[in-house]
Structure formats: C-alpha cells, structure tokens
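Data block below; observations after.
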Amino acid sequence: MSPAMQQPPATAGSRRSLFFILGFAACYAVFHTLYFMIPDDILRERVYHDGIVAISAAIINFIAPGEAVTALANRVQSTRAALEVVRGCDGAGMLFLLWAAVLAFPASLARKAMGLVGAFLIIYMLNQARIVGLYFVVAYREPWFIPLHTFFVPSLLVILGSLFFAWWAFGSSTLSRDPSRAA
Amino acid sequence: MTRVALRNASLRLLLAWLVLSIGGFWYARPIAQVLLPYFDLCLHVFNRDWQPMLAVAREHDNYSIHLVATARQSIPVTSTVAVEAGRTITTGVNVVHVLVPIVVFVSVLVAWPVRDLRARIRLLFFALPVLLLVVALTGPSVLAGKMLIPLQDLALAAGAHRPEPLLLTWMLFVEVGGSWLVALVAAIGCAALAQAVQERPARRIAPPSWDST
C-alpha cells in the first residue's frame, strides 16, 4: 500500500480541497494579470467593438428595430440611451473565475477543454444578454440601472457560473469513476 | 454526490441568491448602518495616514457608503508634492455593490451539501469569522483604494511617476471580479474546513500505563 493510500479519507479530501483552492486562486491571478496587460485602446476599439458592442447593437435592432441603435467604438447608443462597455464590464472577471476553476479541478484534458469552451460560450451569451438588457433598462427604466448593474446581475452571473462549474465537475467526477459512460 | 443531491443543492443556491438579493436590496440602509463601524475599523487598519469619517448617504433611490478622509499629517505624494495635513478626500461606494460578495459567500454556504443539520450549523459557525474577512477584503479595501486615486492624479499632474500603492492594485483586482473570487474561495475553504473537522478520525486516548521501566 502506498503512503497516499494509508491516509484517512478526510485528510486526502482536505488536501484535494486545498490544492483546488490554491490552483483556483493562482489561475485567476494569472488571467487577471494578463488581462491588465492588454492596452485599453485595443480592448475598446477592437475587442469590445467587434466582439460585444456591434453584436449587441444588432441584437437590439433585431428585437426592437425602432431603437435604431448604433455601435460606436465601445458604445451602444441611440437617441434614448448610451451604454459604454469598459474594462471589468466585459464578462472577463466571470470568465476567468470559470476558467480558473475548470483548470484547477482534477479532470481529463478532454473534459477540461470542454469546460473551457463551454464556460466561454455560456459567459459570452450571458454577457451579451446582460448588455442588451441593460440597454433597455437605461432607455426605459433608468432608476433600475444601478441596482441591476452593480448588484443583481453580477451576483446572479456568479451563481449561474457556479452552477455551470458544479455540473461540469459532477460530470467529470462521474466519468473518472465510470469511464464506460464517456461514449 | 448523487445527481439528486446536486440538483437540490443547485435549487438551494438559486433560492438563497434570490432571498439574499431581495433582502439585501430591501434592507440596504440598515445593513450599511451595521457595517459602518466595521468599515471604520478596517479603514483605520488599512490606511493610518488618514482619519476616516463614514456615513450612509442616499443618492436618488440608492444608498452609498460615503467616506470623507482627512490627512492626519503631511503625506508625501512625490519627492516635491505633498498633501497637507487636514486636507480631505471624498469618495464612496454603492451599498448594494458591497453586498455582492456577501450574497455570493452566504448563498454558496447555504447550498453546500452537508450530511445533517448539525453539519450545517458547524459550517455556518466557521463562516462567521470568515465573513468578516470577506467583507474586509472587499468593501473597505475598495474605499481605501479609491481614496488613493486623487493622490495618483496629483502625482500625474505634477509630471511625476508614483508607484501604484498595493491598496490601489487590490482595489482594481476586487472591482474587476476579485471580490467574487474572494467570496468563492472563502466559501469553499469554509466548507472544506468544516468537512475536515467533521470527518477527522476520533483521537484515541491511550490508557495510562502502570508499568514502570
């Protein structure tokens, strides 16, 4: 019997939790540092415009053509409202949390790749929905903006992200116990 | 963990978020009043050069924690520029924004699957001191970091480079998503600690030996 197998389950579980927490925090810190190395103008002119704002404007115009929204650099604007996407409001923090958790969790490489892609897609879609929704809030229910933007929506995104991770981790653990289910 | 247990935990998480969010929004003002002395204590620890004065202020339909910090003595900003003693800096933070990591932390702990009620109580017992740490690392540290922005601007206006203070770096980290990381790490750490205590092997007390050697 190897020394690791002689450990009581509680100790092994605690050690796994500790490694996960440390890995989670370290991966997040790396992503955060890399994110802050990207110059503001590249984010504003390219990433936010092409990746977020232009698509949000198209979605808003599709839902409500009367809004006649335009995408200008990092702004979604119309005659009713203007919404600016800035660093920190782009879903990056939430994406980094999920990516860090997926990388820190013990799972196969294929499963991790699936988790990383899934996390990106879900956060991207949620963030687009958030921006489109916030546009309509600014346009029609302006007093709701602060509580929604600073409290309800961010906390809900973290909760939804946590659920995504919990189910992904559950699937990964089930597969590692029963590889025949992998197909 | 079974699929049913995870489904139940997921529902508890959503329900906890809903109840805590509505409660936090509804009772933002009294919660902020309760937090003020602790914020004050934290600000004294974080930045001893400044005397903080905190108040809960209403701005339109939202409440914010309003900080007026007064320089206790002359504070050097660059080699040639200093903030005179008695000068004040005003900043603030939205109350509900401060509550986000608290809501996340408590929601995760309420949802965390445990064996029985005793385990849940043990988990929440561990959570109380950790919650204080979560609050200190998020709300007051954001205020302490925001306070330093005018000093950076002052140095910039004087054409000098001022290294970014650690509190300002931390504030940026917290504001971009670090507060969620702090809340989640604290919650997972709490749960792991409570589980380790619950499952630790019972210590065997050796009977006294009467043999003399």
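The C-beta contact set for the stretch A:80-93 (first residue touching a residue at least 40 places away in the same chain (Cβ under 8 Å) and more than 17 Å from A:Ile122 (Cα to Cα), second residue loosely packed, with under 15 Cβ neighbours inside 10 Å and hydroxyl-bearing (Ser, Thr, Tyr), distance under 8 angstrom, 6+ apart or interchain) comprises A:Arg80/A:Tyr140.
Name the residue, out of A:Phe164, A:Phe170, that is at pLDDT below 95 and within 11 Å of chain B (Cβ to nearest Cβ).
Answer to the check: A:Phe170.
Residues in the stretch B:90-104 that are more than 7 Å from chain A (Cβ to nearest Cβ), more than 19 Å from B:Arg58 (Cα to Cα) and buried (at least 24 other Cβ atoms within 10 Å of the Cβ): B:Pro101 alone. Taking the stretch A:127-147 as the range and being in contact (Cβ under 8 Å) with a residue 24 or more places away in the chain, surrounded by fewer than 18 Cβ atoms within 10 Å (Cβ to Cβ) and under 17 Å from the mean Cα position of the chain (by Cα) as the test, only A:Gln128 passes. Here is the figure for the stretch A:16-55: residues that are surrounded by fewer than 13 Cβ atoms within 10 Å (Cβ to Cβ), more than 14 Å from every other protein chain (Cβ to nearest Cβ) and either of a type in the set (Ser, Thr, Tyr) or outside any helix (DSSP H, G or I) (or both) total 1. Every condition in (1) in a helix (DSSP H, G or I); (2) farther than 23 Å from A:Ala25 by Cα; (3) of a type outside the set (A, V, I, L, M, F, W, C) is met by A:Ser155 except one, and the failing one is (2). Based on what the data block shows, is B:Leu143 among the aliphatic types (A, V, I, L, M) and either within 14 Å of chain A (Cβ to nearest Cβ) or touching an Asp or Glu at 6+ places or on another chain (Cβ under 7 Å) (or both)? Criteria not met by B:Leu143.
The rows are residues; the columns are (1) in a helix (DSSP H, G or I); (2) within 30 Å of A:Tyr35 (Cα to Cα); (3) at pLDDT below 55; (4) more than 9 Å from chain A (Cβ to nearest Cβ).
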position: B:Ala187; (1), (2), (3), (4): yes, yes, no, yes
position: B:Leu193; (1), (2), (3), (4): yes, no, no, no
position: B:Ala196; (1), (2), (3), (4): yes, no, no, no
position: B:Pro201; (1), (2), (3), (4): no, no, no, no
position: B:Ile205; (1), (2), (3), (4): no, no, yes, yes
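Scanning the stretch A:56-94 for residues that are crowded, with 18+ Cβ neighbours inside 10 Å, under 25 Å from the mean Cα position of the chain (by Cα) and part of a helix (DSSP H, G or I) yields A:Ser56, A:Ala57, A:Ile60, A:Ala92, A:Gly93, A:Met94. Consider A:Leu116 carefully, then state whether it is in contact (Cβ under 8 Å) with a residue 12 or more places away in the chain, within 14 Å of chain B (Cβ to nearest Cβ) and either among the basic types (Lys, Arg) or in contact with a helix residue (DSSP H, G or I) (Cβ under 9 Å, 6 or more places away or on another chain) (or both). So A:Leu116 fails the test. Residue check: B:Gly86 meets all listed conditions (1) part of a helix (DSSP H, G or I); (2) free of Cβ contacts under 8 Å to residues at least 40 places away in the same chain; (3) loosely packed, with under 15 Cβ neighbours inside 10 Å but one, namely (1).
The values are calculated or read from the model by the stated rules, or taken from the named source; none is laboratory data. Since the structure is predicted, the reported quantities are computational estimates derived from the model, not experimental observations. Every residue, glycine among them, receives a Cβ derived from its backbone with ideal geometry; neighbour counts consider all protein chains shown.
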